[in-house]
Amino acid sequence: MASLVGSRVERKEDKRFLTGKGRYTADINLANQTYAIFVRSPHARASIKKINIDKALKSSGVVSIFTGKEIADDKIGGLIAGWAIRSEDGTEMKCPGNPPLAKDNVNFVGDPVAVVIAESLAEAKDAAEKVEVDYKVLKAVTSTADAMNGDTIHEGIDKNLCFDWLLGDRQKVKEAFDKADKVISIDIINNRLIPNAMEPRACVADYNAASEEITLYTTSQNPHLSRLIMSAFGNVAPEHKLRVVAPDVGGGFGSKINVYNEDIVCSWAVKKINRAIKWVAERSESFLTDIHGRDHVTHAELAVTKDGKFLGFKNETIANLGAYARVFGTVTPTYLFGPCATGVYEIPAAYTNVKAVYTNTAPVDAYRGAGRPEATYTIERLVEKASMELGIDKTELRIKNFPTAFPFKQTLVHTVDSGDYVAGMEKAKQMADYKGFEARRKESEAKGKLRGIGVTSYFEACGIAPSAAVMSLGCGVGLWESAEVRFNPTGQVTVYTGSHSHGQSHQTTFAQIAADELGVPIENIDIVHGDTDKGTFGMGTYGSRSLAVGGIAIVNACKKIVEKGKRVTAKMLEANPEDVEFKDGEFIVSKSNKKKTIGEVAFACYLPGVRDEMKSPLPEGDEPGLKETSFYDPSNFSFPAGTHIAEVEIDPETGHVKLEKYTACDDFGRIINPMVVEGQVHGGLAQGIGQALYENAEYDETGQLMTGSYMDYTMPRADNFPEFNIGYTCTHATTNPLGVKGCGEAGAIAAPPTVMNAVIDALGGQEVTMPATAEKVWKACKNLKKSNAKAA
Amino acid sequence: MKDFNYHSAKDSKEASKLASSSSAFLAGGMTTIPSMKLGLATYKDLIDIKNIKKLSGIKVSGKTVTIGAATKHVEVSNSKDVKKAIPSLSSLAEGIGDPQVRNRGTIGGSIANNDPSADYPSACIALNATIHTNERKIEAAKFFKGMFETALKKGELIEAIEFQIPEKSSYQKHPNPASRYAIVGVYVAKHKGDVNVAVTGAKSCVYNDKEMSKALSGNFSSSSIDGMDLDSSEMNSDMHASANFRASLVVTQAKKAVDAC
């Protein structure tokens, strides 16, 4: 039987999605359901003096209206930060309360203050307009760089500082800098992004008064984790009385990791009114209230010798948390950022210092790449600048500082088990025709255009992650994953996974893995996910962990099935279990022609005993049935890596940046389905290039979101991209049995510095902040013209 | 969206009769409907004019192209007659919004709305258009009054737009990267006597840039406007483009348009 792992198996989920048969949360309609509309703060910062709901209550069709007071009276908990980070001085991080409905203060535009529940959506909207909230408007803090100098947003949190965190050794770094021939320094901004999943957030809450069970259908990347948080911290219901279902989910990119206000409010209110409640975000609500990403202001320095050896690295960053610290809000700018900021280089001394600040903006949390794009942008912009200042070819300078052997012990935290960075660089150069660039530059110049080339070599720590490691770093839970593999008596297989697919194609790729492990046709394997009533538990999908953690749990559960199968076969065929081999779905007694198929063995497990021709006694100690569970906790993160090369052409008259070529050469370890991986790379690149050239969430000084719709927030479109040139090198991960690493975030991590390095190369080294919009580039072109004229 | 009364008018007369101070004509609805959904506009009555046959269609004569007000953008861009007579008008229509918008939006709707960054108003100015309404004929130069403001009176309905066929013409736009509306759009048309340089997106309302028109009327070459330093004091400034950048783009796009003629 040919192996399915590694082949372009067509997606099982496509029939459903392409024929309109997907079932998203908004598609769910329950008998007698009501509709919720949230009344949201129009101010970035204000105290609530009074809320008057009298007029709204009299509005047609209103069922109920709740405010923060009722939530507080019922002791419903707020939203939480999932990771506890300590400051350099040892003090705990400072987190404000974040009630599901604001009671005393609102802290960003969109912060919900009341929920209106009505018979129809239109009636709920009409009534919501009649809720009168008397605000005392306060001065907002919106700037990342100046947040520490602004008014105190949350009582008791001085300088709006959540923590002042250090990773690394300042003294060692100082010594390294003292020895340097040259110090390269850079000031960069990692622009704020809005995730923009295609499906806006939504939830439908249902209540069964007889069993006292609440069911919440919601757009989540991790339904089990949501249930845990809502139960343990939200106090909505005990876990066994709360079922969370995340059906088809149309994209998350991290924005659907969090439990949100609406989830808690609807789950709580459903019991109060004893009728189902449906809420679906409008796009403008998504812009305002989904978590945002990035938003760092960084000063970084690299100490180098004159022949280009890196000696030391400093990274001083201010990270904007937004109004509140959410689930991955505090770990994203720390342990997902700092350890990766030294990049793919051997740098003897390094530190990263992060001051995480609160502002009156939407909460910032994990967005595709989470911390690693910011880290990669920092080091790769710095290395590119070093290459310009030292006059050493950008690829040679990188190679000079790559690790020479694996495992590669990084300066700060990680030990990278496998990789071959030089091979990746060489292949990327070949794919991109790096040598031919100068000729292409001349061609562009002849047309009056500026051409630039940019390189990024990256690695990332994903497959998060080993419980022992993450809990020691402050994570509130262990990040293992579970799988359960069940055989039916007639031989089909259902795999229950704690991972969640919201675009990742698990229904296909996980089935490929199980098909290979069990020798069962892929058509006979179903993957079930997204329902806390189905499957044991799960930590969900983020940090490119589904395959490297969830996929391995499936492999391990399959291996347990095979082990039991061997014992059962041995008993049936009167052989020693040690003499039974398993291959391509058959249990074969070695050196004989005696064998059983896995289907026969599954059947025997469900009909154990001896009757007439049927002889299927179970071995002693084995129970009937064929079902195995695995909880897999990896021993390390996984470390994809690669080199990307971009080429841009700039029209100096309009400042228009045209991305001419984009080459991505990645090492993802073993690839399960190349077609799915290409899709992941393309998506990641689109978002990464989007950050570099187009996307930007902008607040004005009063805290109003200026880019609150697609009229002003530039989502990249297909015609913004060239044909992507994608290739791979492959070193297997040594820390998991499949040798897989993860591919979901690579594009978003590598693309921003790759594109910006190319833009800045075209601009003769002039710094431009992301996104490199036409006007910024046009100004830089004018400066370039002036300085060239001066030089001439 | 608030409740409203929907009417479908048989002819211009009925449409005009139904109009009131709290009504709007509905053609493609590409601006009206989203504005109503967002609560930015509310109307008691919407008067649908799509079923008035007389308002749709394209007629080309020796000197003019006349397009019915309810003619969709896609019909203009697909019309072989328009492509032959005024190719730049055809390509302008092809570049409006997205396929959904082009399949519903109409030329009359675009002109009546007079969005400061809409494309069609620049064509009207550059191509010396005459706006035919149910009451009168209005020269384009007198039609566009200001931001979202036109010479139309209450109940007055655009029936057709008559464009003068130029010797040469081209429309070039620098789109807003997000909305793809024109940050600056420049329509250059060379007529027998003179040259029009109609600019959209740059100011609060479409206008004919006299300085460039004059220069190009003297010498129809991009070199005659190269490096021209336009007054940016009345130009729009927003997060996508400052007034100075817009001023520069007007010249750049005008040059491109001349070169493309």
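Bear in mind these aren't lab numbers, they're just calculated from the coordinates by the rules spelled out. This structure is a prediction, so every number in the text was calculated from the model and none was measured. Neighbour counts are summed over all protein chains in view; Cβ atoms, including those assigned to glycine, are modelled from backbone coordinates with ideal geometry.
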The distance between the Cα centres of segment A:605-679 and segment A:421-462, in whole Å, is 30
Roughly speaking, what is the centre-to-centre gap between segment A:250-290 and segment A:503-530 when only Cα atoms are used, to the nearest Å? 30
Within segment A:480-632: Cβ-based charge dipole about Cα centre, in debye rounded to nearest 20 (Lys, Arg +1; Asp, Glu -1): 160
Could you list, in their original order, any pairs among B:80/B:154; A:103/A:159; A:564/A:591 whose Cα atoms are separated by more than 26 Å? B:80/B:154
Excluding residues fewer than 8 places away in the same chain, name every one of the aspartates and glutamates whose C-alpha is closer than 19 Å to that of residue A:782. A:445, A:649, A:651, A:653, A:761, A:767, B:226, B:229, B:231
In segment A:696-792, what GluC sites (Glu not before Pro) fall in a loop by DSSP, with at most 12 other Cβ atoms inside 10 Å? A:701, A:723
I need the trypsin sites (Lys or Arg not before Pro) found in segment B:178-249, filtered to DSSP loop residues with at most 12 other beta carbons within 10 Å of theirs. B:192
Assuming a ≥ b ≥ c are the square roots of the Cα gyration tensor eigenvalues, decide whether segment A:353-446 counts as rounded (a/c under 1.5), prolate (otherwise, with a/b larger than b/c) or oblate. oblate
Relative contact order %, segment B:168-260, counting alpha carbon pairs below 8 Å whose residues are six or more apart: 30
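Taking only complete DSSP H runs, can you tell me which helices of chain A stretch 30 Å or more along their own long axis by Cα positions and average at least -0.5 on the Kyte-Doolittle scale?
A:552-573
Can you name the helices of chain B, as whole DSSP H runs, whose Cα span along the helix axis is 20 Å or more and whose Kyte-Doolittle mean is not below -1.0?
What comes out of the filter, once short or polar helices are dropped, is B:243-260.
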Counting only residues 5 or more places away or on other chains, whose amide H sits under 5 Å from the amide H of residue A:359 once H atoms are built in the peptide plane? A:321, A:322, A:323
When only Cα pairs under 8 Å and 6 or more residues apart are kept, what is the percent relative contact order across chain A? 15
List the residues, sorted by chain then number, that are 5 or more residues from residue B:139 or on another chain and whose placed amide H is less than 5 Å from its amide H. B:131
Suppose we keep just the DSSP beta bridges with both residues in segment A:480-632; what percent of those would be antiparallel, to 5? 85
Taking +1 at the Cβ of each Lys and Arg and -1 at the Cβ of each Asp and Glu, which of A:780, A:195, A:609 sits farthest along the dipole of the protein assembly as shown towards its positive end, judged by Cα position relative to the Cα centre? A:780
Peptide A:773-784, shielding by other chains (average Cβ, 10 Å cutoff): 3
Let me check the size of chain A from its C-alpha atoms; what are the radius of gyration and Dmax in Å? 27.8, 101
Between segment B:205-261 and segment A:299-334, how many Å separate their Cα centres? 44
Cβ-based exposure ranking for B:207, B:171, in which fewest neighbours within 10 Å come first: B:207, B:171
For chain A, the longest site-free run once trypsin sites (Lys or Arg not before Pro) in DSSP loop states with at most 15 other Cβ atoms within 10 Å are removed: A:307-446
How do B:220, A:108 line up, fewest other C-beta atoms within 10 Å first? B:220, A:108
From fewest to most C-beta neighbours within 10 Å, the residues A:505, B:223 line up as B:223, A:505
Lys/Arg +1, Asp/Glu -1 at C-beta; chain A dipole; positive extreme among A:66, A:708, A:452: A:452
Sum up the charges of everything whose Cβ sits under 13 Å from the Cβ of residue B:139, counting Lys and Arg as +1 and Asp and Glu as -1, but leave residue B:139 out. +3
Which of B:107, B:52, B:183 moves most in a GNM of chain B, Cα contacts under 10 Å? B:52
Does segment B:5-48 come out rounded, prolate or oblate, given a ≥ b ≥ c as the square roots of the eigenvalues of its C-alpha gyration tensor, rounded meaning a/c under 1.5 and, failing that, prolate meaning a/b above b/c? prolate
Run lengths n ≥ 4 of DSSP H only: what is the helix-derived mean residue ellipticity at 222 nm for the protein assembly as shown, with -39500 (n - 2.57) per run over all residues, to the nearest 500? -8500 deg cm²/dmol
Over segment A:117-258, the quotient of the Cα radius of gyration and 2.2 N^0.38 Å is 1.62
Considering only DSSP states other than H, G, I, E and B, which GluC sites (Glu not before Pro) in segment B:157-196 qualify as loop sites with at most 16 other Cβ atoms within 10 Å? B:167
